[in-house]
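Have a look at the structure below, then the notes.
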2 protein chains.
Amino acid sequence: VNNHTLNLEEIVENIQPPDQKIMKQAREHTSRLAIPPRALGMLHEMGERLCGITRSLNPVMDAKAVVVMAGDHGIVEEGVSAFPQEVTGEMVKNFLAGGAGINCLCRHVGARVIVVDMGMKADPQSLGLLTNDTFYAHKIAPGTANFAKGPAMNREQAKDAILYGFERASALFQEGVCLLGTGDMGIGNTTPSAAIGVVITNASVDEMTGRGTGVNDAGLQRKKTAIQKGIDINQPDPCDGLDILSKVGGFEIGGIVGCILAAAFHKKPVVIDGFISTAGALIAHALCPAASQYLFAGHCSEEPGHKTMLKYLGLEPILNLGLRLGEGTGGALAMNIIDASAKVFREILTFDQAGVSEKKS
Amino acid sequence: VNNHTLNLEEIVENIQPPDQKIMKQAREHTSRLAIPPRALGMLHEMGERLCGITRSLNPVMDAKAVVVMAGDHGIVEEGVSAFPQEVTGEMVKNFLAGGAGINCLCRHVGARVIVVDMGMKADPQSLGLLTNDTFYAHKIAPGTANFAKGPAMNREQAKDAILYGFERASALFQEGVCLLGTGDMGIGNTTPSAAIGVVITNASVDEMTGRGTGVNDAGLQRKKTAIQKGIDINQPDPCDGLDILSKVGGFEIGGIVGCILAAAFHKKPVVIDGFISTAGALIAHALCPAASQYLFAGHCSEEPGHKTMLKYLGLEPILNLGLRLGEGTGGALAMNIIDASAKVFREILTFDQAGVSEKKS
């Protein structure tokens, strides 16, 4: 399956943290703006981090793209989702027709939508979908195995998912994309995400597991049982990101991991969306802690474990609007705020330039 | 001074709450979208409220404008601000040159900036500023009187400020603006705003008073003392919005009140910014409770009393990014989210339209 230019070790070795010296220069610039000290709060921190990430005091965030990774999950056999599995393919079709939430919000913020079949059960051709520069097929398998009974995938498949995500995102950066968002589609995928959250943050299954698309009380119980069973049977090693991804993860989550590593590798910011993308970020952090410094947390999901994940990664969510759709929607909406933070940094005049009197001593 | 088409009573009498029947139809539409039930959280509530406000199931929020009301404050004599009073005029000049935070964020969200001299101390001509369709002069007086020693203005001036704000905003709506933001510039204006907050919400001076642009401990104490003195001397009537505005308010705050009433009168949404705009909203609510149903709270300010004000008005802030700049900046940034909520309502396909399977029973 694997035929990738770089291997995972080469990628990880070449990721450096954002440039602290440029971030210091950026903070000095902010202190000269004709506003009360740091009066635009988090927008300043975001803008300065964009400087450190891009190694530039002129951060520009115009060309945006969201990659929506799609995959199916054997774990749905355990009755963990409120929606039938065919919805994964149906929604991918909807994404390519432009009718979904992610399409609406990407049009709104001026972002391209790229969809990747990383391993959904449906055959794209039977859905009438052709691959093109908006839709890519890299079906590792038609859905993962049920991780309550054994590993979701093998280690080579996990590596393949990450490396394909890396290459897809790298191609976008090479085409000029300067701000990338990650999205997901996969019925049942809050279940592997919660399992990843439990293994990496050491939170309890109860704390990490929510209702996803809206499972009822009995389904929530089945979901918790399946997650605990999966962890007990597979014993994923909390220090080995690849082990966790292969044992309790998903193909689309692996693709998201690859996108995040690509952003860090290419010195570009990446906006993660909600619970599933953040599970990907946890894996990326396990593989390469420095990569998480390239992350922006688009929003805080309604999924209860999301806060714990974000806290573990040291990320402050940009938006908190009670979203729980996935697809990349929260990250897409937050791209507008990230773009604004770059403009605040670039465009507001200093006291000197504007001829405004400074604070009284 | 007064030569207005409508008087305040006529305006208030003609304000009706948003249309509940259309909002119910809007909620029914949302329930058919191909997403888990209400999975875009607050975006749905916002979009449905836009339907009720505009009396339409096709809310469009493209043409945006922010009105920045400028005025000076006699209360600065009491040493309540970290910045010298000449900054009000200097910043107005900066707004008209396009170099301030509000210019940057309005360009970003595609909103026009309109600046009004409601009563700043500086003479616009001596600053080299000409009135045009971006800058209007309606200087009621060169700053309010020091309200720690008596009323900030008389009742006729308060009415004039509101009616001029009403007419300015009405003109924008008649030109096609569909989403209005309110902004402010006035050194010292967190002091009258806190006084208004105390009188209307019944919170304590301690709870309602913050550091504004960054006053030090001694200045904060002077500010609290001045507010208490102003309330004790003037005894504003908590049930009479005009009395409160005239005794402890400001000309730019009156202008903001007028903008809010105009939005409600013309059935348009209005985004308030932070502490000063919300003080204006409290006065508008005191004059006409139904008007507050046309409000969107752009963000939660760092000014500590702002949460109390928003709670009093029953408003949930859209953004929470630690902003405390004023000028209308938080409201401007939130316009993008409001616009997104209208598109979410209009553009996401239903289960039927998208051919997506519904939730399992």
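The values are calculated or read from the model by the stated rules, or taken from the named source; none is laboratory data. All of these numbers come straight from a predicted model, not from anything done at the bench. Note: ideal-geometry Cβ built from the backbone for every residue, glycine included; neighbour counts use all protein chains shown. We work out accessible area using only protein heavy atoms, side chains counted, and drop any ligands, DNA or RNA first. Shrake-Rupley method; radii C 1.70, N 1.55, O 1.52, S 1.80 Å.
Remind me, what semi-axes does chain B give for its equivalent ellipsoid, largest first in whole Å, using sqrt of 5 times each Cα gyration tensor eigenvalue? Please list the in-between numbers first.
Details: eigenvalues 249, 85, 75 Å².
That gives 35, 21, 19 Å for the three semi-axes.
Averaging over every viewing direction, what projected area does the convex hull of the Cα atoms of the range B:238-322 cover, in nm²?
Reported value for the Cα convex hull: 5.0 nm².
Give me the accessible area buried between chains A and B, both sides summed, with a 1.4 Å probe, in Å² rounded to the nearest 100.
About 4600 Å² of accessible surface is lost on pairing.
If I fit a long axis through the Cα atoms of helix A:190-201 and take the longest principal axis of the Cα atoms of chain A, what angle between them do I get, 0 to 90°, rounded to 10?
Its long axis makes an angle of about 60 degrees.
With θ set to phi - 60° and the Karplus curve 6.51 cos²θ - 1.76 cosθ + 1.60, what are the ³J(HN,Hα) couplings of the range B:101-111 in order, to the nearest whole Hz, using x for Gly and Pro?
Listing the rounded values in order: x, 5, 5, 4, 6, 5, 4, 4, 8, x, 10 Hz.
Lys and Arg at +1, Asp and Glu at -1: add these up for the other residues within a Cβ distance under 11 Å of B:Val116 and post the number.
Charge balance near B:Val116 sits at -2.
Leaving out same-chain residues fewer than 8 places away, which aspartates and glutamates sit with a Cα under 19 Å from that of B:Lys149?
B:Asp72, B:Glu77, B:Glu78, B:Asp232, B:Asp237, B:Asp243
Binning every alpha carbon pair distance of the range B:34-137 at 5 Å from zero, what are the percents per bin?
So the P(r) values, bin by bin, are 2, 10, 16, 15, 13, 11, 9, 9, 7, 4, 2, 1.
Remind me, relative contact order of the range B:281-361 in percent, using alpha carbon pairs under 8 angstrom and six or more residues apart? Please list the in-between numbers first.
Numbers: 64 pairs, mean separation 19.8, N = 81.
Once divided by the residue count of the range B:281-361, the mean separation gives 24 percent.
Please list B:234-244, B:70-80, B:277-287, B:10-20 highest first by mean number of surrounding beta-carbon atoms within 10 Å per residue.
Packing proxy ranking, top to bottom: B:277-287, B:70-80, B:234-244, B:10-20.
Given H placed on each backbone N at 1.01 Å, which residues far from A:Tyr136 in sequence or on other chains put an amide H within less than 5 Å of it?
Answer set, sorted by chain and number: A:Val115, A:Val116, A:Asp117.
Please find, among residues of chain B, the one with the beta carbon closest to the rotation axis relating it to chain A, distance in whole Å.
Nearest Cβ to the rotation axis, residue and whole-Å distance: B:Asn336, 2.
In the P(r) worked out for the protein assembly as shown, what percent of Cα pairs fall beyond 40 Å? Walk me through the numbers on the way to the answer.
Details: 91704 of 260281 pairs.
Taking all Cα-Cα pairs of the protein assembly as shown, the fraction more than 40 Å apart is 35 percent.
Residue by residue through the range B:140-156, what is 3J(HN,Hα) from phi via Karplus (6.51 cos²θ - 1.76 cosθ + 1.60, θ = phi - 60°)? Round to whole Hz and write x for glycine and proline.
5, 6, x, x, 6, 7, 5, 6, 6, 10, x, x, 5, 7, 8, 4, 5
Quote the FRET efficiency, to the nearest 0.05, computed for B:Thr5 versus B:Ser31 with a Förster distance R0 of 51 Å and r equal to the Cβ-Cβ distance.
In this case the efficiency is close to 0.75.
What is the distance in Å between the Cα centres of the range B:186-203 and the range B:78-104?
Cα centroid of the range B:186-203 versus Cα centroid of the range B:78-104: 20 Å apart.
Can you give me the Cα centroid spacing of the range B:1-48 and the range A:13-50 in angstrom?
When both Cα centres are located, 39 Å separates them.
Under 5 Å between amide hydrogens, which residues at least 5 positions from B:Leu129 or on another chain qualify, with H placed 1.01 Å from N in the peptide plane?
So B:Leu129 has HN proximity to no qualifying residue.
Give the relative contact order (percent, whole number) for the range A:1-118; include only Cα pairs under 8 Å separated by 6+ residues.
Here the relative contact order equals 26 percent.
In whole angstrom, how far apart do the alpha carbon centroids of the range B:294-330 and the range A:285-361 sit?
One Cα centre to the other: 18 Å.
Rounded to the nearest percent, how much of the accessible area of chain A (1.4 Å probe, protein heavy atoms only) is carbon and sulfur?
About 48 percent, which is the carbon plus sulfur part of the accessible surface.
Residue by residue, what Karplus-based ³J(HN,Hα) values in Hz, rounded to whole numbers, does the range A:286-299 have, using 6.51, -1.76 and 1.60 with θ = phi - 60° and x for Gly and Pro?
For the range A:286-299, the Karplus-derived couplings read 5, 6, 7, x, 4, 4, 5, 6, 9, 8, 10, 8, x, 7 Hz, x marking Gly and Pro.
Rounded to the nearest 5, what % of the DSSP beta bridges within chain A are antiparallel ones?
In chain A, approximately 5 percent of DSSP beta bridges are antiparallel ones.
Inter-copy label distances at A:Glu77, 7 Å along the Cα→beta-carbon direction, one decimal in nm, shortest first?
Spelled out, the distances from A:Glu77's label point are 8.3 nm.
For A:Asn14, go 7 angstrom from Cα along the Cα-to-Cβ vector, then report the distances to that same point in the other copies in nm, smallest first.
So the distances to the same position in the other copies read 6.7 nm.
In peptide A:337-346, what is the residue-averaged number of other protein chain Cβ atoms found within 10 Å of each Cβ?
Partner Cβ neighbours, averaged per residue: 4.
Can you say what percent of the DSSP beta bridges in the protein assembly as shown, counting only those with both residues inside, are antiparallel? Round to 5.
5
Which value results when the Cα radius of gyration for the range A:113-268 is divided by 2.2 N^0.38 Å?
Compared with the compact-globule rule of thumb, the range A:113-268 sits at 1.07.
Ranked from highest to lowest mean number of other Cβ atoms within 10 Å per residue, what is the order of the peptides A:135-145, A:288-298, A:99-109?
Going by the mean number of other Cβ atoms within 10 Å, highest first, we get A:99-109, A:288-298, A:135-145.
Determine the shielding of peptide A:27-37 by partner chains: average, over its residues, the number of Cβ atoms on other chains within 10 angstrom of each Cβ.
Per-residue shielding by partner chains comes out at 3.
Which whole number gives the average, over all residues in B:101-114, of C-beta atoms from other chains lying within 10 Å of the residue C-beta?
Partner Cβ neighbours, averaged per residue: 3.
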